[in-house]
Amino acid sequence: ESRAKSSNTTAGETHVGKDDNKESATDSETELEYPSRLKYFLLPPGFHCWTSVLQFLGYFFYLPAFFQWCHKIPTPSLNLPRVGGKSKVGDNDGSRANAIPIENPGMELTEGEEELLRCAGLDTYLLVRLARFGFDVTFYPGCFSLVVILPIYHSCAVKGNQTLNGYVNRTINDIPDGDSRMYWIVIFTCLLYFYIMRRLWFEWEVFIQLRHKFLASGDPSFHESPTYLRTYRNTSMVECVPQELRSDRKLKDVFESLFPGQIERAEMIINTSDLEKVLKKRQKLIEKYDSLSARYMYESWRYAAWQRGGKNVGICTNHVSKPMEPKVRSGGLFSKRMNAFAFYNEKIKEIDIKAGEEYDILVEHRNKSKEASIRLLEGGEEDTRPVGYNINDVAPLLVTGRVRQFFTKESAVFNGTGMVEFKSIVAKQSAVQCNLSGQPYYMITSDVPDPRDLLWFNVSVDRYTLETRKILVQTVLLLGLFAWGAIVTFITNLAHNTVGGIPSDNFLYPLIKDYVPALAVSLVLVLLPALFFMLAMRVIRFKSHSRCDEFVLVWNTAYRLTNVFLTLFSLSYYEAFNCFKEKPEEFVQSLADKVVRQSTVLMNLVILAAGQETMLQLLQWRSLIKQAVLRPLINLNTKSKRYIESLNTAPALEQSFLFGFFAPVLSYGLMIALIYAFMAPLMLGICAAFFWIATKVHTHNALFVYCQRCEGGGKLFYYWNRIVFITLYSSIVVFSAILTLKQYIEMGATFLVLMTLVTYCFDKSVTNTFVVNSLYLPISIARYSDAKEDVKIEHSNIEREGRENYMYRDPLLDQENWNSKI
């Protein structure tokens, strides 16, 4: 065919055109075949072909490095091209065009994974990868244990004397004390730990590259115009700004003295708390007026229809009375009743006037601040100060906040928070990664949140006040962990006491003993995250939605893991203390027996997590209750248009992916799987089924259900990294205790010390290699990104529109937003 095509090409263009038309017609007639699901049914989650599976296995087991070592291929020296093209490494002209594109470590994604990342977003994509991680570290070790571990337990089991009645009837207690076959269990456990560490290292190699790309390029869904994205990437938030620096000009002067020639603009955030209170009151009055108006109009229509049609309006209604205009008491319980419409109209007008006055005050103060800055530059006094370090501008940084509070008065117009836009990512990263003043709670710089992520009603909260509230709330929640232990113990003991009078052969016996306690605890765990979210947003008052989500993530995980350990040991604090005090040997032995016996309860928790919590996520149960249960009970004819729109809106907790609600369930399954991996190997299979279902559900929700408010830069992965190591340490301690109780005292102590040391060294290696280097964007990559961006803007002739400056201004300062819900 190639020879025929080449001959046709030399024959003439007309003949080539005819052949091309024939080929295009043939291609159009050929239908694309949809890939068979049976062909890819056995593929592990995250892979799209068997070739990628083999490549992954080769990399996972260091085959490329092994072949390179065998052939003794020398490592080539790093010779990276420059953006300028011809300049040498030794040149140093200070130009961004000579930036070296230092390659960051990491692995590239496959085409299918790139498409999933593009559609789902970074944070949601990482959640899917974490579910795949859980599947990988449970399914494959589970298959291995079926071949190696269960036959050992079966050979050790004594007929007629099973250690556990139920579906987990082969456990580590089947091995007699001092039996040499325990060495196989130790080998399997060590291999499992090494496999998990290697798998986590692989995830870090993927994540660090995604993290650096996000820090350099930002969220691709931010805005269509690249100038908006550049403003967002180059802006940092400054908190705890002292009173004497709370103006746009002074804030810019301070940063100009620290970063000469690198400041684009600086702006203090206006305190709109008083205006917000007025508009909230206005909103409530408007909603009351709309509700009364809609109901009165419906009653009037109903009465008119009854007059026209007789007795055919309504069900079992023979008479419809004429509606009266609604009345309301204007001044309290004993005041005179007056027309509600006139009353609310008058109140709304009064509040409109008051809101206008508050708005004028803010605008006047902002204009005065601008005029003062202009007079400083143009009012007969030319600003001859050199651009550079100025000791007079930096001197306020050396005064502590405690001393300032005695001599200054806090401003009611400007918050202690400001936004500073730099001219380059390098300057912004330098400001974020360094300590400006050396004083606590004073001029603190950080990455600015996405404008869509900001909670503007919390921006006015001082950083010191926020941290104090956070400590108090966390103290209360920490005490609540002990109360949670009492609740779990009470539920478990209540179920055990209930089954005391039920024969063991009754079908209700296993249901009440094992399933009902797990169901009751899981229902409480489903409702707890909403409480944590309310505390983060309304009590602590974090300034961004993502910070509230992180708070929920930590404490939801804490309560779930506490539930795992309380269920594992199945003892109340008081009983455990008394038992250990009176009979320590019996306490240790009973504790070991209960650890294995509670595997049934924990397995039920995993089954409930797979069948209940993941399915509730798939069903979006809050929206389902709102639309299927509550909506049929509401007569929409009597409701206002504003109320109907709110009814059609998804609940606040289901408008985006809240990782604090979903990710702790994965930690739940991982902890249970690794603790029972050696004691009850079938638990790995149950947990693998849970992670497989979770992978499917999260992938479906990421692609078809949830649309993220904004991207958080993959901070979820740092949480998962810490959970994996907590799980490893916990599993090592429990397994060492089991070895000691099985008369392997020396082996248990040796295993505890060596595996803890190995895990700790791996933990520090991950921290030094990936965690520290991924928290912030490296300056080398930032400089290279600036160089590429400058070239792109130079060739595209893109100019700033001016509207980028309004991204970090409170929406309440725009009067067009006053009629929207606050």
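The values are calculated or read from the model by the stated rules, or taken from the named source; none is laboratory data. Please read these numbers as outputs of a predicted model, since none were measured by experiment. All Cβ positions, even for glycine, are placed from backbone atoms using ideal geometry, and neighbour counts span all protein chains on display. Only protein heavy atoms, including side chains, enter the accessible area calculation; ligands, DNA and RNA are left aside. Shrake-Rupley method; radii C 1.70, N 1.55, O 1.52, S 1.80 Å.
Here are some notes:
- Condition broken by residue 798, with the remaining ones in (1) at pLDDT 90 or above; (2) touching a helix residue (DSSP H, G or I) at 6+ places or on another chain (Cβ under 9 Å); (3) farther than 30 Å from residue 172 by Cα satisfied: (1)
- Candidates are the residues of the range 403-444 that are modelled with pLDDT under 80 and of a type in the set (Lys, Arg); the one that is least open to solvent (accessible area, probe 1.4 Å) is 404.
- Restricting the range 744-758 to residues that are modelled with pLDDT of 90 or more and surrounded by 18 or more Cβ atoms within 10 Å (Cβ to Cβ), the residue that is nearest to residue 212 (Cα to Cα): 755
- Residue match in the range 708-724 (condition: under 30 Å from residue 283 (Cα atoms) and either open to solvent by 50 Å² or more (accessible area, probe 1.4 Å) or of a type in the set (Phe, Trp, Tyr) (or both)): yes
- The C-beta contact set for the range 754-774 (first residue closer than 14 Å to residue 206 by Cα, second residue small (Gly, Ala, Ser) and surrounded by 13 or more Cβ atoms within 10 Å (Cβ to Cβ), distance under 9 angstrom, 6+ apart or interchain) comprises 774/714.
- Filtering the range 759-781 to residues that are closer than 17 Å to residue 214 by Cβ and of a type in the set (S, T, N, Q) leaves 773, 774, 780.
- Some residue of the range 326-343 being assigned to a loop (DSSP other than H, G, I, E, B) and modelled with pLDDT of 85 or more: yes
- Boolean, residue 741 is open to solvent by 10 Å² or more (accessible area, probe 1.4 Å) and more than 21 Å from residue 602 (Cα to Cα): yes
Conditions (1) at pLDDT 90 or above; (2) β-branched (Val, Ile, Thr); (3) open to solvent by 70 Å² or more (accessible area, probe 1.4 Å), marked per residue:
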| site | (1), (2), (3) |
| --- | --- |
| 212 | no, no, no |
| 219 | no, no, no |
| 224 | no, no, yes |
| 272 | no, yes, no |
| 302 | no, no, no |
| 314 | no, no, no |
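- Evaluated against (1) aliphatic (A, V, I, L, M); (2) surrounded by fewer than 20 Cβ atoms within 10 Å (Cβ to Cβ); (3) in contact (Cβ under 8 Å) with a residue 60 or more places away in the chain, residue 292 falls short on exactly one condition, (3).
- Test: residue in the range 771-778 that is over 30 Å from residue 429 (Cβ atoms) and either in contact with a Gly (Cβ under 6 Å, 6 or more places away or on another chain) or open to solvent by 30 Å² or more (accessible area, probe 1.4 Å) (or both): no
- Residue-level check: of (1) open to solvent by less than 60 Å² (accessible area, probe 1.4 Å); (2) modelled with pLDDT of 75 or more, residue 538 misses just (1).
- Answer residue from the range 326-358, given it is touching a residue at least 24 places away in the same chain (Cβ under 8 Å) and among the β-branched types (Val, Ile, Thr) and is farthest from residue 272 (Cα to Cα) among those: 348
- Residues of the range 259-301 satisfying the condition of being within 34 Å of the chain's Cα centre (by Cα), under 30 Å from residue 426 (Cβ atoms) and not in a strand (DSSP E or B): 259, 262
- Enumeration of residues in the range 249-302 that are of a type in the set (A, V, I, L, M, F, W, C) and more than 19 Å from residue 811 (Cα to Cα): 251, 254, 255, 258, 259, 263, 285, 286, 292, 294, 297, 301
- Flag for residue 655 being touching a residue at least 12 places away in the same chain (Cβ under 8 Å), surrounded by fewer than 20 Cβ atoms within 10 Å (Cβ to Cβ) and touching an Asp or Glu at 6+ places or on another chain (Cβ under 7 Å): no
- The range 619-643: number of residues that are open to solvent by less than 60 Å² (accessible area, probe 1.4 Å), in a helix (DSSP H, G or I) and over 26 Å from residue 298 (Cα atoms): 2
- Hey, residue 812 open to solvent by less than 50 Å² (accessible area, probe 1.4 Å), of a type outside the set (Gly, Ala, Ser), closer than 30 Å to residue 235 by Cα and not in a helix (DSSP H, G or I) or not: no
- Inter-residue pairs, beta-carbon under 7 Å, first without any contact (Cβ under 8 Å) to a residue 60 or more places away in the chain and closer than 29 Å to residue 217 by Cβ and in the range 232-256, second open to solvent by 10 Å² or more (accessible area, probe 1.4 Å) and assigned to a helix (DSSP H, G or I), 6+ apart: none
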